[in-house]
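First comes the structure, then the notes that go with it.
Where a number appears in this text, it was derived from the coordinates with a stated rule and is not lab data. Since we're looking at a predicted model, the values are computed, not measured. FYI the Cβ positions are ideal-geometry reconstructions off the backbone, even for glycines, and counts take in every protein chain you see.
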Number of protein chains: 2
Amino acid sequence: MASERGKISRELTDLLARGRDRQLRLAVTGLSRAGKTAFLTSLVNQLRHAGLEARLDMLPAAREGRLLGAQRLNQQDLGVPRFPYDQAMAALNDSPPRWPEPTRGISELRLQLRYRPARSGWLTPQTTSLTLDLFDYPGEWLLDLPLLQHDFFSWSQAQTRAHGPQRRALFTDWQEGVAALDPAAEADEAQLAELAERYAQGLRRAKKAGFSDLQPGRFLLPGELEGAPALQFFPLPGLFDTQRAELDALPADSLYATLAQRFRYYQQHVVRPFYRDHFRRFDRQIVLVDVLGALNAGPERFDDLSRALNHLMQSFDYGKRSLLTRLFAPKIDRLAIAATKADHVTPDQHPNLIHLLEALLAEPLQDLRFADVPVKAFSLAAIRATQAREITQQGQQSAALRGTTLEGEEVLVYPGDVPATLPEATFWDQQGFNFPAFRPMPRTTDVLAHIRMDSAIDWLIGDKLT
Amino acid sequence: MASERGKISRELTDLLARGRDRQLRLAVTGLSRAGKTAFLTSLVNQLRHAGLEARLDMLPAAREGRLLGAQRLNQQDLGVPRFPYDQAMAALNDSPPRWPEPTRGISELRLQLRYRPARSGWLTPQTTSLTLDLFDYPGEWLLDLPLLQHDFFSWSQAQTRAHGPQRRALFTDWQEGVAALDPAAEADEAQLAELAERYAQGLRRAKKAGFSDLQPGRFLLPGELEGAPALQFFPLPGLFDTQRAELDALPADSLYATLAQRFRYYQQHVVRPFYRDHFRRFDRQIVLVDVLGALNAGPERFDDLSRALNHLMQSFDYGKRSLLTRLFAPKIDRLAIAATKADHVTPDQHPNLIHLLEALLAEPLQDLRFADVPVKAFSLAAIRATQAREITQQGQQSAALRGTTLEGEEVLVYPGDVPATLPEATFWDQQGFNFPAFRPMPRTTDVLAHIRMDSAIDWLIGDKLT
């Protein structure tokens with residue numbers, strides 16, 4: 001009788017917990033070309049086919065046949081673009097298959113997952129459901145968070161300290177123009193607009209050249225602020241700490257005060273609203289990282305990616321004294337980081353890929369664990385574009401990949417070894433790394449082939465499906 | 001002594017009045033291709049050169065040498081794009097000269113005009129200044145005002161009542177898809193997105209084909225709402241008054257209720273903010289109309305322009321019971337309407353151009369005069385692109401225009417007679433109207449040649465320069 005009562009009480013607790021947990025807001029981010037669109041497309045695809053053909057062995061609810069599938073529901077916020085799942089699938093179903101168009105800005109999709117609870121009993125319903133709100137937003141927006149910690153003076157110092165020579169070379173136009181400026185002179189709107197445009201051009205060139213650590217992020221995607229003074233500022237180089245008081249005392253129409261005012265406007269009207277209106281409400285987050293792309297691009301861009309990721313991860317550091325915690329009380333309770341495009345290296349390299357990702361994020365991961373945010377690292381391919389093969393060369397067996405390049409050429413390649421730690425100078429000198437970009441594979445079923453999407457899904461939502 | 005006291009008292013009053021009036025917010029609007037960018041560029045150009053080469057004989061302050069010029073100041077709202085005056089002048093100074101790029105959305109520019117008061121006296125300063133905030137916004141936004149008067153049911157009826165056959169033909173894709181819809185069926189997000197895209201395509205086609213009366217206006221310039229459910233609705237055709245109660249009772253997830261919810265979101269989050277944040281603050285307004293373009297395009301588009309202008313002008317009808325007055329308490333105290341591109345017809349046709357403009361706007365003009373809003377009609381060319389000539393043909397003298405077409409051909413033409421009243425069927429059958437598009441003229445000075453810009457400027461700001 002006592003154990004019977006205990007069982008009922010446990011069932012009641014389960015029921016209440018499920019009541020509370022009926023909704024989960026999961027956000028996907030990453031710097032551009034990290035694979036956000038492919039990940040979200042695959043995530044929706046796998047969940048929709050969970051009861052049927054999808055291969056999700058690492059997700060218990062699916063393995064046990066309890067996950068019955070997913071249906072799309074109307075989203076709640078009518079002002080946020082809907083994630084274009086159908087368009088993405090149409091691209092992947094094209095012949096030849098194409099990668100989906102990347103999304104710009106934030107987008108959203110709401111799913112209802114139906115599943116059978118793992119434990120059954122008197123009070124447990126036969127089936128129950130979880131509402132899953134999926135969000136996708138540019139990781140570049142998170143790069144602007146550190147901007148909130150600064151005033152214009154310290155931001156100028158932070159932004160103009162030593163970057164590498166390749167990156168500096170992309171900003172010479174701006175550098176030439178800004179060198180002659182007198183902070184105390186009266187601001188000239190047209191001149192500021194012209195120099196801000198040169199700075200934005202530098203950022204665009206740097207992005208195109210594979211750099212990631214680019215602030216202010218909205219300069220790259222101005223939207224309706226195109227041409228507004230809110231986006232017409234830039235850091236002032238060569239400021240020394242001893243000048244601060246003098247500069248702060250300059251009149252409101254001075255060049256320095258004008259730039260500082262626009263910087264504050266950008267903080268208040270561009271950076272803050274994203275954290276306040278969206279970020280604060282996410283329950284869980286996955287951050288996608290194109291580690292292999294950075295390996296491909298050489299040492300300076302690899303270092304730049306590392307710096308960008310360290311900035312980006314500050315948004316998840318909920319240490320008691322963190323800026324974010326003080327400002328927005330975010331509630332993300334579980335975090336995944338994933339090295340994407342794992343299908344671009346042979347399977348034997350996947351463990352190294354995770355090690356390298358963890359090495360890249362060593363410092364923020366320490367902070368996160370200290371702040372007690374559960375975080376897990378993955379290597380995955382959201383939409384597998386290659387097949388692993390063994391080849392025999394001069395009597396020796398070795399791993400290789402078969403795939404079709406974007407140009408349509410079928411190739412069998414060995415892209416290279418992934419270092420397990422941050423690569424040193426010798427890696428770049430001696431070994432290097434080179435993989436081709438593959439197009440998606442043609443399919444005969446509706447389900448997308450993947451690598452370890454099921455593990456990632458289990459970490460992100462599996463505990464809600466018990 | 002008494003008269004001396006009277007003089008001082010009058011001077012004090014003047015001084016106070018000028019104190020109060022030191023700022024004026026002047027808005028320029030018009031449907032796309034009406035000539036907003038050219039007008040604003042010329043306005044700034046004339047005011048900047050007012051003390052020097054600008055020909056502004058109809059503006060007393062300029063004629064009397066009291067207007068000393070204009071300087072650009074920093075605008076106040078950092079989130080509004082700055083009107084790109086320099087880029088516009090650069091295009092006009094190119095060789096061959098080009099028309100400036102049209103603006104999208106709202107833009108702003110602040111000028112400080114310096115002038116000597118007309119009356120001098122003990123207390124009158126030698127020179128004084130007027131801060132002039134110039135705004136430029138798409139007339140299409142005003143076409144959305146009538147939307148606020150409707151609910152989804154009445155809007156659907158208003159939008160699907162008889163348009164002409166040419167316009168209907170541009171919406172056949174949408175018409176086919178929407179015909180089969182059941183308002184009571186459960187809403188299918190993907191289907192709504194697809195049909196809304198077809199509706200938006202119809203609007204884009206209609207705009208390209210020269211139609212103007214297009215709602216919802218933001219479907220044509222979605223900006224950051226691209227792909228959001230807020231822009232995924234459309235009118236439902238074939239609704240009868242007797243159905244209203246039945247439709248209003250449908251559940252929230254029905255097709256009808258979903259469309260109605262998005263319509264309300266669009267009203268609240270797209271239409272209202274423009275009136276609340278911008279329109280309400282304008283002091284004066286000029287509405288530009290490309291009457292000649294519509295004459296060129298034939299009877300159906302001319303009727304459509306007439307309907308669009310009647311919708312647009314509702315935004316200036318401050319009758320006590322008007323929707324706008326109840327919602328936003330706007331304060332525009334003086335209005336100009338102008339037929340632009342007057343340089344595209346011979347000078348003898350200019351009076352008819354004004355008459356035709358007044359005929360086009362007869363109904364709203366009556367309402368405005370009844371509501372006591374001072375309004376005046378002009379014909380003008382903000383940037384003159386032709387020169388008037390007399391030609392002698394078979395012994396007869398007649399008027400003609402010399403200009404250079406966009407293709408670079410120098411021509412001498414007589415574009416046609418402008419009817420003084422709304423053209424009847426016989427006009428379209430027998431006479432027609434045809435003018436070429438001219439490129440801007442090369443110049444030797446910094447000042448832009450114009451037709452009657454000075455009269456328009458006098459009406460819009462002249463009383464503030466006394």
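Under 4 °C and 1.567 mPa s, how fast does the stretch B:97-160 diffuse according to Stokes-Einstein, given a Kirkwood radius computed over C-alpha pairs? Answer in µm²/s, whole number.
Rounded, D is 78 µm²/s.
How far is B:R205 from the same spot in each other copy, in nm, shortest first, if each label point sits 7 Å from Cα toward Cβ?
Inter-copy label distances (nm, one decimal, shortest first): 4.5.
Percent relative contact order of the stretch B:187-242, based on C-alpha pairs within less than 8 angstrom and at least six residues apart?
43
In cubic angstrom, how much convex hull volume per residue do the alpha carbon atoms of the stretch B:30-112 span?
114
Output ³J(HN,Hα) for the stretch B:145-152: one whole-Hz value per residue in order, computed from phi by the Karplus curve 6.51 cos²θ - 1.76 cosθ + 1.60 with θ = phi - 60°, and x for Gly and Pro.
Running phi through 6.51 cos²θ - 1.76 cosθ + 1.60 with θ = phi - 60° gives 4, x, 4, 6, 7, 9, 9, 4 Hz.
Between the stretch A:376-426 and the stretch B:406-466, how many Å separate their Cα centres?
Each part's Cα centre sits 67 Å from the other's.
What is the antiparallel percent of DSSP beta bridges lying wholly in chain A, to the nearest 5?
Among the beta bridges of chain A, antiparallel pairing accounts for roughly 55 percent.
Reachable aspartates and glutamates from A:K208, Cα under 20 Å, same-chain residues fewer than 8 places away excluded?
Of all the aspartates and glutamates, those that pass the test against A:K208 - Cα under 20 Å, at least 8 places apart if same chain - are A:E101, A:E140, A:D144, A:D173, A:E197, A:E226, A:D290, A:E300, A:D303, A:D304.
Can you give me the angle between helix B:189-208 and the longest principal axis of chain B, using Cα atoms only, in degrees from 0 to 90, rounded to the nearest 10?
The two axes meet at around 40 degrees.
Testing the spin-label approximation: label points 7 Å from Cα along Cα→Cβ at B:A420 and B:T242. State their distance in nm.
The answer from the label model is 5.2 nm.
Just for the Cα atoms in chain A, what are the lengths along the principal axes, largest first, rounded to whole Å?
Dimensions of chain A along the principal axes of its Cα atoms: 81, 67, 40 Å.
Using only Cα atoms, find the angle between the long axis of helix B:36-48 and the longest principal axis of chain B, and express it within 0 to 90 degrees, rounded to the nearest 10.
20
Suppose R0 equals 30 Å; then what is the FRET efficiency for A:T172 and A:A437 from their Cβ-Cβ distance, rounded to the nearest 0.05?
My answer for the efficiency is 0.50.
Could you tell me the distance between the Cα centroids of the stretch B:85-161 and the stretch A:233-247, to the nearest Å?
Between the Cα centre of the stretch B:85-161 and that of the stretch A:233-247, the gap is 37 Å.
Which ³J(HN,Hα) values in Hz, rounded to whole numbers, follow from the phi angles of the stretch A:355-363 under the Karplus curve 6.51 cos²θ - 1.76 cosθ + 1.60, where θ = phi - 60° and Gly and Pro get x?
Listing the rounded values in order: 4, 5, 4, 5, 5, 4, 9, 3, 5 Hz.
Quick one: the Cα spread of the stretch B:145-275 along its three principal axes, in angstroms, biggest first?
39, 34, 28
Any idea what the A:R33 label distances to the other copies are, label 7 Å down the Cα→Cβ vector, nm, shortest first?
Nearest first, the other copies' label points are 4.0 nm away.
Where does the stretch B:398-438 land on Rg(C-alpha)/(2.2 N^0.38 Å)?
Computed over Cα atoms of the stretch B:398-438, the ratio equals 1.39.
Work out the FRET efficiency for A:Q191 and A:R63 from their Cβ-Cβ distance, taking R0 = 56 Å, and round it to the nearest 0.05.
Rounded to the nearest 0.05, the efficiency is 0.30.
What is the percent of Cα-Cα separations in the stretch B:362-421 that go past 12 Å?
Every Cα pair in the stretch B:362-421 considered, those over 12 Å come to 79 percent.
One decimal, nm, shortest first: give the distances between the label point of A:R168 and those of the same position in the other copies, each label point 7 Å from Cα along Cα→Cβ.
So the label point of A:R168 gives 7.0 nm to the other copies.
A:A209 versus A:T466, label points 7 Å from Cα toward the beta carbon: distance in nm?
Using points 7 Å along Cα→Cβ, the separation is 5.1 nm.
Counting only DSSP beta bridges with both residues in the protein assembly as shown, what percent are antiparallel, rounded to the nearest 5?
Close to 55 percent.
With an 8 Å Cα cut-off and a minimum separation of 6 or more residues, compute the relative contact order for chain B in percent.
Relative CO of chain B lands at 19 percent.
Give, to the nearest whole percent, the P(r) tail of the stretch A:229-332 beyond 21 angstrom, counting all Cα pairs.
Across the stretch A:229-332, Cα pairs with separations above 21 Å total 58 percent.
Mind computing the radius of gyration and Dmax over the alpha-carbon atoms of the stretch A:381-466? Å is fine for both.
Cα-based Rg and Dmax for the stretch A:381-466 come out at 17.0, 52 Å.
By how many degrees, 0 to 90 and rounded to 10, does the Cα axis of helix A:299-313 deviate from the longest principal axis of chain A?
70
Please tell me the relative contact order of the stretch B:127-239 in percent, rounded to the nearest whole number, where contacts are Cα pairs under 8 Å and at least six residues apart.
Averaging sequence separation for qualifying contacts and normalising by length gives 41 percent for the stretch B:127-239.
With the calculation restricted to Cα positions, what are the radius of gyration and Dmax of the protein assembly as shown in angstrom?
32.7, 121
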